[in-house]
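The values are calculated or read from the model by the stated rules, or taken from the named source; none is laboratory data. Every value quoted in this text rests on a predicted model; they were computed, and no experiment measured them. As a convention, Cβ positions derive from the backbone with ideal geometry for all residues, glycine included, and neighbour counts pool all protein chains shown.
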Amino acid sequence: MENVLNKEIKEIIDACPEVGRILDEYGIGCVPCSVGSCLLKDVVGIHSLDPEQEATLMYRIEKAVYPGRNVAKPVVDKTKKTAPKKISYSPPVKKLVEEHVLIKRLLALIPAIVDYIEGSAKVDKELILNCVDFIRTYADKYHHMKEEDILFKYVDEKAEVIQVMYKDHDTGRAHIRQVVEGAEKGNKSQIKEHLFAYRDLLTQHIKKEDEILYPWIDRQLSMEQVGEMFRKCNEADALVGDELPRKYERFIIELEEKFLQEVAK
Amino acid sequence: MSGCPGSKTIDFSEKTIQEGGEEGKRPSQLRQWPIQMHLVSPQAPYFQGKDILLAADCSAFALGDFHKDYLKGKSIGIACPKLDSDQEVYIEKIKSLIDDAKINTLTVMIMQVPCCFGLAQIAKEGAEKASRKIPVKQVVVGLEGNILSEEWI
């Protein structure tokens, strides 16, 4: 089992797809991951399952990978019910989770925006570039930069799970460059393809951060580090000023009003 | 059950299951004097920029590893929200610790008895009155020295 624990998750799932299905049952969504280079031991560790759940998961994975092996089944006390874990974020991490909400509101509007672009005679370049401005300034510069410059510095940046986050940020930036190119050329299918790809990528990315990565980082932080990170995030926010998040919240509200009306027509 | 849970007589001297051992000596992690909230000054050097533990008087007696797990690396103020007088002074001192001493974080450690939650309320009011914002955590200790909850407030 030691060998499997140190293998990359994608390699394990490719060789034995049943492992992907088992992980999925435990809320560990590695199958659609764009990179899959996390080691199995890190994947299991980061999800902070209770000891009984973890023992059963490892037993099932070992049975799936080595069907002929005689593996001892862990004893599970079925009378013992585990209460669902409530995630309690530290204040600086909670602020990052709250910023995700505005980004998710844009992601939710992408299908309606794409429908509108496809149904228009000419590409509404201003609309697309305004959405790109939100993504580049609010989602990327304001939010992702705090993750990259502050949050990720508190853990081993070489850890695969952090590398996957960096890769997602880069992939997202590449999709947005394609969206801009599509808007410049008036190429509707290019805009559609890359806006949807961005939406899928960021939806998974935010879910991973909110449910797995942020709680994992929080568990490792001392009080001193929480206070320091809180101060650094506040300083970063002060540099851009209060008006920036307000401006982009107004933009999303206007977009919602416009596209909710479009849907109602 | 009747009467005040904060002063109700409970005897758990028969408790036999003990985790941990008696080996080795535990050094004190206290790095300052005084510690009582009426006696400390927010201007004291040991508060400047530090992580602060505001502990209910009883908590250090209940929690076996108080020094190792909670006091280490922190400066401290202790108080009893049930018996201490002039508690509005505590609110002002917490505000001053945040604004003037520019403390990094505040951990409020209270016992599980209802009257002890008053100390968390004092910390909350002090933090709300302060113009600086800092992370504040509440730790609730059970009567038998177990940690019942840790949450950001």
Considering residues of segment B:133-145 that are closer than 27 Å to A:Val93 by Cα and more than 11 Å from chain A (Cβ to nearest Cβ) only, the residue surrounded by the fewest Cβ atoms within 10 Å (Cβ to Cβ): B:Val140
Tell me, please, whether a residue that is of a type outside the set (A, V, I, L, M), in a loop (DSSP other than H, G, I, E, B) and closer than 20 Å to B:Glu144 by Cβ can be found in segment B:93-112. yes
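Output the residue which, of all residues in segment B:107-132 that are among the basic types (Lys, Arg) and more than 15 Å from the chain's Cα centre (by Cα), is farthest from the other protein chains (Cβ to nearest Cβ). If you could, list the steps in order and put the result at the bottom.
Initial filter on segment B:107-132 (among the basic types (Lys, Arg)): B:124, B:129, B:132.
Keeping just the survivors that are more than 15 Å from the chain's Cα centre (by Cα) gives B:129, B:132.
Numbers: B:Lys129: 18, B:Arg132: 9 Å.
By that ranking, first place goes to B:Lys129.
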Among residues belonging to segment A:185-209 that are at pLDDT 95 or above and among the charged types (D, E, K, R), point out the one that is farthest from the chain's Cα centre (by Cα). A:Lys185
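Could you list, in sequence order, all residues of segment A:203-215 that are more than 16 Å from A:Glu148 (Cα to Cα) and either away from chain B (no Cβ under 14 Å) or of a type in the set (S, T, N, Q) (or both)? Working first, answer last.
If we filter segment A:203-215 for residues that are more than 16 Å from A:Glu148 (Cα to Cα), which is where we start, we get A:203-204, A:207, A:211-212, A:215.
Of everything in segment A:203-215, those that are more than 16 Å from A:Glu148 (Cα to Cα) and either away from chain B (no Cβ under 14 Å) or of a type in the set (S, T, N, Q) (or both) turn out to be A:Thr203, A:Gln204, A:Lys207, A:Glu211, A:Ile212.
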Taking B:Ala101 and the conditions (1) of a type outside the set (Ser, Thr, Tyr); (2) within 14 Å of chain A (Cβ to nearest Cβ); (3) exposed (fewer than 15 other Cβ atoms within 10 Å of the Cβ), which numbered condition does it fall short on, given that it satisfies the others? (3)
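Got a number for residues in segment A:113-124 being in a helix (DSSP H, G or I) and surrounded by 16 or more Cβ atoms within 10 Å (Cβ to Cβ)?
Selection size over segment A:113-124: 4.
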Could you figure out which of (1) modelled with pLDDT under 95; (2) more than 14 Å from chain A (Cβ to nearest Cβ) isn't true of B:Ile153? (2)
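For the condition away from chain B (no Cβ under 14 Å), touching a His at 6+ places or on another chain (Cβ under 8 Å) and in contact (Cβ under 8 Å) with a residue 60 or more places away in the chain, what is the one hit in A:Tyr198, A:Tyr138, A:Tyr248? Talk me through it step by step, then tell me what you get.
Working: A:Tyr138 fails: touching a His at 6+ places or on another chain (Cβ under 8 Å); A:Tyr248 fails: touching a His at 6+ places or on another chain (Cβ under 8 Å).
Being away from chain B (no Cβ under 14 Å), touching a His at 6+ places or on another chain (Cβ under 8 Å) and in contact (Cβ under 8 Å) with a residue 60 or more places away in the chain holds for just one of A:Tyr198, A:Tyr138, A:Tyr248, which is A:Tyr198.
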The correct count of residues that are in contact with a Leu (Cβ under 9 Å, 6 or more places away or on another chain) and within 18 Å of A:Lys104 (Cβ to Cβ) in segment A:232-250 is 3
When you look at A:Gln190, is it more than 14 Å from chain B (Cβ to nearest Cβ), surrounded by 14 or more Cβ atoms within 10 Å (Cβ to Cβ), within 16 Å of A:Val123 (Cβ to Cβ) and of a type outside the set (Ser, Thr, Tyr), yes or no? yes
Tell me, which residue of segment B:50-89 that is in contact (Cβ under 8 Å) with a residue 60 or more places away in the chain and among the small types (Gly, Ala, Ser) is surrounded by the most Cβ atoms within 10 Å (Cβ to Cβ)? B:Ala56
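Any chance segment A:70-86 includes a residue that's touching a Lys or Arg at 6+ places or on another chain (Cβ under 7 Å), over 30 Å from A:Leu239 (Cβ atoms) and either more than 14 Å from chain B (Cβ to nearest Cβ) or assigned to a helix (DSSP H, G or I) (or both)? Walk me through it before giving the result.
First, the residues of segment A:70-86 that are touching a Lys or Arg at 6+ places or on another chain (Cβ under 7 Å): A:71.
Then keep just the ones that are over 30 Å from A:Leu239 (Cβ atoms); that gives A:71.
Pick out the ones that are also either more than 14 Å from chain B (Cβ to nearest Cβ) or assigned to a helix (DSSP H, G or I) (or both) and you get A:71.
The answer is yes, given that some residue of segment A:70-86 is touching a Lys or Arg at 6+ places or on another chain (Cβ under 7 Å), over 30 Å from A:Leu239 (Cβ atoms) and either more than 14 Å from chain B (Cβ to nearest Cβ) or assigned to a helix (DSSP H, G or I) (or both).
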Can you name the residue in segment B:54-84 that is within 16 Å of B:Val40 (Cβ to Cβ) and small (Gly, Ala, Ser) and, of all such residues, is farthest from the other protein chains (Cβ to nearest Cβ)? B:Ala79
Given (1) surrounded by fewer than 16 Cβ atoms within 10 Å (Cβ to Cβ); (2) in contact (Cβ under 8 Å) with a residue 40 or more places away in the chain; (3) in contact with a helix residue (DSSP H, G or I) (Cβ under 8 Å, 6 or more places away or on another chain); (4) closer than 27 Å to A:Lys94 by Cα, index of the condition A:Glu184 fails: (4)
Residue pairs qualifying under the 6 Å Cβ cut-off, at least six apart or on distinct chains, with the first in segment B:9-20 being exposed (fewer than 10 other Cβ atoms within 10 Å of the Cβ) and the second being at pLDDT 65 or above, are B:Phe12/B:Glu144
Which pairs have Cβ atoms under 8 Å, sit 6 or more apart or on different chains, and link a residue in segment A:225-240 that is facing chain B (nearest Cβ under 8 Å) and more than 10 Å from B:Pro135 (Cα to Cα) to one that is surrounded by fewer than 19 Cβ atoms within 10 Å (Cβ to Cβ) and at pLDDT 95 or above? A:Asn234/B:Lys133
